[in-house]
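Below is one structure, written out as structure tokens, with a few remarks after it.
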């Protein structure tokens, strides 16, 4: 019996691996504590090793093409997520979230991303059945994202005011709001909030709501991150769908990339000033994926042109990423020598 184009065994192995990984990560980071660079690097290596192991499983049981498609989608999602992580850094900074609580917010953010990616992948792969014009639409979406990032790179970075964010306004409309952090809690009970507010002499906004829970700024931050991730999915899902039409390949590549994002966040936070050319690599990859979608649409819809092989796509993605990292290292070294 097959599910999502693959034997039940493969689907079960993927699902069990993801579930065990989530429980392992939750158990390993259940305490509120700063994540050191050393710990983040070790965990990043661990998650990459888990992803490689699944890719090797695909190679052994389903052939080199499937393995190449998985690794291409995995690397692509990982690289495209870098820009998302920089946005998350800005959100944490704006909400003044202490380092020891950030891992908790990111954990629940990952769970949300797993659910939303499943929905987007199901919709995206389903839309492809309508023909090559959908691929042209996806190509336009990915190329537009590349142009937006290219234009943004020429402008000075502005600090966004997240109080106007749709998630921020939505949460405040639904829940009463505790005015300050309350440990690592996302919510506190109305009774506790009333007692604490009376004791501390502070005002709790929206206590007239009938909701029995009061949201804290930590939940407000999580909501903004979740909605921001959904917006990023509009770019990343079409890009990864360009790699393969197999739902399991697309989804597994995305999920394995997402599983390692929390540890990667802390690595990028420590090394962001050195990765100055990584965003340029992301832009190049977006235009490459747009071209790949265009070529595929022309081949399937009009019988002209050619398609890029899975192996070639993997080489291009890895090469562009390597050039971006090496260029960043050289630039950082030169800047350090000049100081």
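Projected over every direction and averaged, the convex hull enclosing the alpha-carbon atoms of the range 1-98 yields 7.8 nm². Across q = 0.14, 0.19, 0.23 Å⁻¹, the range 181-272 modelled as identical point scatterers on its alpha-carbon atoms has Debye log10 I(q)/I(0) values of -0.74, -0.95, -1.17, in the order of the q list. Here the gap between residue 308 and residue 129, fully extended at 0.36 nm per residue and compared with their Cα-Cα distance, gives a gain of 62.4 nm. Compared with the dominant Cα axis of the chain, that is its longest principal axis, helix 247-259 is turned about 40°. Highest mobility in the GNM of the chain, judged by mean-square fluctuation with C-alpha springs under 10 Å and restricted to 39, 68, 263, is found for 39. Fewest neighbouring Cβ atoms within 10 Å first, the residues 277, 103 line up as 277, 103. Between helix 8-28 and the chain there is an angle of about 30 degrees, using the helix long axis and the longest principal axis of the Cα atoms. The fraction of all Cα pairs in the range 169-223 landing in successive 10 Å bins from 0 to the largest distance is 27, 61, 11, given as whole percents. Against the main long axis of the alpha-carbon atoms of the chain, helix 37-62 sits at an angle near 40°.
For the chain, the alpha-carbon radius of gyration amounts to 1.08 times the rule-of-thumb value 2.2 N^0.38 Å expected for a compact globular protein.
Express the relative contact order of the chain as a whole percentage, based on alpha carbon pairs under 8 Å and six or more residues apart in sequence.
Numbers: 381 pairs, mean separation 105.1, N = 339.
Result for the chain is 31 percent.
Computed over the Cα atoms of the range 106-238, the ratio of the radius of gyration to the Kirkwood radius (Rg/Rh) comes to 1.12.
222 nm [θ] for the chain, helices only, -39500 (n - 2.57) per DSSP H run of 4+, per residue, to 500? Kindly include the intermediate steps, with their values, before the conclusion.
Details: 12 runs with 252 residues, N = 339.
Value at 222 nm, helices only: -26000 deg cm²/dmol.
Every number here is computed from the coordinates shown, using simple stated rules; none is lab data. Computed from a predicted model, the values in this text were never measured in an experiment. When we count neighbours, we look across all protein chains shown, and the Cβ atoms used for this are built from the backbone with ideal geometry, even at glycine.
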